[in-house]
Amino acid sequence: MAKQWNYLASEPFQARYLLVAGLLRRFDNILEIGSYKTPVFQFIDDERKNVLSVDPMVFDEVKSGHQSSTALDYRCLAMPAFDGQPYAMVVLGLDLPATPKLHRLLREAEIVVIEFPEDAQWKRSRESFDKLVADLKLHTLLKVHLDLEGNDYSAFGNANEWPPRTQRYIHVVSARHQKMGSLAGANPFVRPLTEINTGGSAMLNTDYIAAKIFPEAAFEFSHGASKDINYLGGGLLYYTLAYMARAKTCVCLGSGGAFVPRLMRQAQHDIGLAEHGRTILVDGVKGNYGCPNWTEADSFFRQNFPDIEIVFADTADAAAAMAAAGQRIDYLHIDADHSLQGSLTDFDNYLPLMRPGALITFHDTRPNAHSSVTCWQAVEQIRQRGFEVVNFDQLGSGVAIIKVPLG
């Protein structure tokens, strides 16, 4: 019987799969070559992604209608991969024959995550990798060294097992991109927007947008926007809702870069409601998600939007104060607490303050976008209560629109 590599499925080695799965989060189509017994889709939570793992040494496995492994040599793959749609490629444990098809797959992929072991006895993978980089002029976007020495591998010490190769190297390379920034920066949820050019916009004043809306607007990518190409993305939704609803009172709960309240207030200015309208930003200035960058009095946001009212308080305390003052809200944006219970509490606390027919937007509604973000689960619970909900979970990290009943 041929020797096995079952140690690859051990808990210490699962670290490499989890790391690779994180690097692939921004891609909807993923091709894995050489999955052995642990296809990467086992470590990807979003079952809507298309993941195909091929390895002639494994049995077929189906996780969902979109994710499967098959006992297939990569040289038998149909081309182009994924019918020409953008895709990422994964090769864990590089030990492949270099063929014209492999070269084409590497060239056409948006990124390729290549991982291999390297020690005094095993140099073949490194030599193969260096040759691929040289021959295809691949750009190295990221390098990671995993030292898995010192973990317990005693269960894999029998004569039928290869000894664990604990020095692992992960390289993210690309023939199409020269740096990670060209892949939409830190945003793992938005496809590259290279096809978009806002320079000829007649409807929108892109000079003003670049000068006032995007500066220091951290986390704009989570709304499907891109300051690099002056693209508002979902930001146009917040502006439009305030504009079309003629919202006299807009309230934004949480805003790391104050992107949303800027657009709310700008809509009020543009339809002549600024004098009689209010935009209120509530932030407790705490937590691990989107802690604000505008708290200083001389920040760009506070200098350029001085008429946005800022309330430094927990959202529950701010809701109680608004209720005591008889405040009514036309448009509310929820983006403070990112837990299921916390976001539902915000929804319930502010619902009595909403005018009949008012609108609520709810951010971070993309399922499983981050393991510790659970507020997306609140949307379905709100829907089950009978509210009208439209969830644009594909937009940035997701945003839902919720309508407050008229009666």
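A few notes on this one:
- Using alpha-carbon coordinates, inclination of helix 315-324 to the longest axis of the chain, degrees: 20
- Axis angle, to the nearest 10 degrees, between helix 14-23 and the longest C-alpha principal axis of the chain: 50 degrees.
- A Förster radius of 35 Å, combined with the Cβ-Cβ distance separating residue 341 from residue 244, puts the computed FRET efficiency at roughly 0.65.
- Across segment 235-240, coupling constants 3J(HN,Hα) worked out from phi with the 6.51/-1.76/1.60 Karplus curve, θ = phi - 60°, read x, 5, 5, 5, 4, 5 Hz, and Gly and Pro carry x.
- Listed pairs 227/403; 143/212; 3/131; 101/179; 49/248 exceeding 32 Å between Cα atoms: 143/212; 49/248
- Volume per residue that the Cα convex hull of segment 109-262 spans, once the total is divided by residue count, Å³: 195
- Sites residue 137 and residue 79, calculated FRET efficiency, Cβ-Cβ separation with R0 25 Å, nearest 0.05: 0.75
- Debye log10 I(q)/I(0) at q = 0.08, 0.13 Å⁻¹ for the chain, Cα point scatterers: -0.54, -1.07
- Annotation for segment 52-131 versus segment 326-367: alpha-carbon center distance of 45 Å.
- Segment 370-397 and segment 194-220 have Cα centres lying 27 Å from one another.
- Residue exposure sequence - 362, 43 - by fewest surrounding Cβ within 10 Å: 43, 362
- Amide H contacts under 5 Å for residue 366: 398, restricted to partners 5 or more places along the chain or on a different chain, H placed in the peptide plane at 1.01 Å from N.
- For segment 73-179, the set of GluC sites (Glu not before Pro) satisfying both a DSSP loop assignment and a count of at most 12 other C-beta atoms within 10 Å is given as 149.
- Over 20 Å [Cα-Cα, segment 6-183], rounded percent: 52
- Each of 244, 264, 89, 322 was scored by other Cβ atoms within 10 Å of its Cβ. Listed from fewest to most, they are 244, 322, 89, 264.
- Nearest-0.05 FRET efficiency for residue 269 and residue 14, computed from C-beta distance (R0 56 Å): 0.60
- Environment charge at residue 365 (Cβ cut-off 13 Å; Lys +1, Arg +1, Asp -1, Glu -1): -2
- Residues whose placed amide H lies under 5 Å from that of residue 141, excluding near-sequence neighbours: 172, 173, 174
- Extended-chain gain in nm, criterion 0.36 nm per residue less alpha-carbon gap, residue 208 and residue 46: 54.6 nm
- The phi torsions of segment 388-401, fed into the Karplus equation with coefficients 6.51, -1.76 and 1.60 and a -60° offset, translate into couplings of 6, 9, 10, 10, 8, 6, 8, 8, x, 8, x, 8, 10, 10 Hz, rounded to whole numbers, with Gly and Pro shown as x.
- Cα pair distances in segment 198-403, grouped into 10 Å bins until the bin that holds the longest one, percent each: 9, 38, 40, 13, 1
- Helix 340-350 vs. the chain, principal-axis angle (Cα, 0 to 90°, nearest 10): 10
- Residues with amide H under 5 Å from that of residue 30, placed H, sequence gap 5 or more: 50, 51, 52, 88
- Summary value for segment 88-187: 35 percent relative contact order, contacts being C-alpha pairs under 8 angstrom separated by 6+ residues.
- For segment 296-407, convex hull volume per residue from C-alpha positions, Å³: 127
- Structural descriptor for segment 268-405: relative contact order 19 percent, calculated from alpha carbon pairs under 8 angstrom and at least 6 residues apart.
A short reminder: the numbers here are calculations on the coordinates, not readings from a lab. Source: prediction; values computed, not measured. So basically every Cβ, Gly included, is an ideal-geometry build from the backbone, and we count neighbours across all protein chains shown.
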